[in-house]
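Asks: The structure follows.
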Amino acid sequence: MADRLTPEQRSWNMSRIRGKNTKPELLVRRLLHAKGYRYRLHGKAGKSRLPGSPDLVFAGRRKVIFINGCFWHFHDCRVGQHAPKANAAFWEAKRTRTRTRDADQRQQLTAAGWEVLTVWECELKDGSALEAHLVEFLGARQADALQTGAGQTHSGQTRSRQTHRRQATPAGS
């Protein structure tokens with residue numbers, strides 16, 4: 001089947017496809033940030049980059065999260081199993097390369113001591129299940145374990161929000 005779009009239209013459409021800051025990625029980032037988790041973006045762990053540039057890096061926990069689109073990474077769901085009929089040989093080769101690359105990157109990260117989680121686009125439909133899955137993978141926030149209570153110091157004393165003013169001493173006293 002011939003492409004119904006002009007080369008310029010197809011080019012414009014393809015230029016809108018992003019690998020970073022996608023809607024699924026932003027949704028997961030907002031969810032985790034609201035839960036109090038902090039992370040680095042796009043494979044940055046200190047001064048080095050991790051294999052595959054994971055979307056979210058939790059360096060202190062040695063955990064990474066990939067947020068994959070079902071179509072582009074060929075997930076086992078309905079969307080991921082759909083292969084375009086036009087140029088079938090190209091799409092089959094792309095499917096094979098993508099799966100091989102993803103598996104290699106996962107293996108490299110695991111060998112380097114990182115735990116890897118892949119969140120699929122189709123999993124975003126059930127927010128509560130996704131949240132539970134992410135919290136289970138990441139474990140308790142460190143702030144939860146160390147929290148001493150709002151407005152208290154580590155010794156348990158309450159902090160005063162009032163500022164103490166110096167009282168002026170009379171001159172010559």
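Asks: Could you give every pair whose Cβ atoms fall below 9 Å, whose first residue belongs to the range 82-108 and is of a type in the set (Val, Ile, Thr), and whose second residue is assigned to a loop (DSSP other than H, G, I, E, B), counting only separations of at least 6 or pairs across chains?
Replies: What qualifies is Thr98/Phe74.
Asks: Answer yes or no as to whether Arg101 is crowded, with 16+ Cβ neighbours inside 10 Å and in a helix (DSSP H, G or I).
Replies: Values: crowded, with 16+ Cβ neighbours inside 10 Å: no; in a helix (DSSP H, G or I): yes.
It is false that Arg101 is crowded, with 16+ Cβ neighbours inside 10 Å and in a helix (DSSP H, G or I).
Asks: Something else now. Filter the range 24-57 down to the residues that are assigned to a strand (DSSP E or B), in contact (Cβ under 8 Å) with a residue 12 or more places away in the chain and more than 9 Å from the chain's Cα centre (by Cα) and list them by number.
Replies: Taking the range 24-57 and keeping what is assigned to a strand (DSSP E or B), we get 40-41, 44-45, 48-49, 56-57.
From the residues that got through so far, the ones that are in contact (Cβ under 8 Å) with a residue 12 or more places away in the chain too are 40-41, 44-45, 56-57.
The answer is Lys44, Ala45.
Asks: Which is among the basic types (Lys, Arg) and loosely packed, with under 13 Cβ neighbours inside 10 Å, of Arg61, Arg49, Arg95, Arg30? Working first, answer last.
Replies: On the way: Arg61 fails: loosely packed, with under 13 Cβ neighbours inside 10 Å; Arg49 fails: loosely packed, with under 13 Cβ neighbours inside 10 Å; Arg95 fails: loosely packed, with under 13 Cβ neighbours inside 10 Å.
From the options Arg61, Arg49, Arg95, Arg30, the qualifying one is Arg30.
Asks: Let me ask another. Give the number of residues within the range 116-139 that are of a type outside the set (Gly, Ala, Ser), touching a helix residue (DSSP H, G or I) at 6+ places or on another chain (Cβ under 9 Å) and not in a helix (DSSP H, G or I).
Replies: 5
Asks: Also, quick follow-up: Tally the residues that are at pLDDT 80 or above and exposed (fewer than 12 other Cβ atoms within 10 Å of the Cβ), restricting the search to the range 71-81.
Replies: Residues flagged as at pLDDT 80 or above and exposed (fewer than 12 other Cβ atoms within 10 Å of the Cβ) within the range 71-81 amount to 1.
The values are calculated or read from the model by the stated rules, or taken from the named source; none is laboratory data. Bear in mind that the values here come from a model prediction, so they are computed numbers and not experimental data. Neighbour counts run over all protein chains shown; Cβ positions are idealised from the backbone, glycine included.
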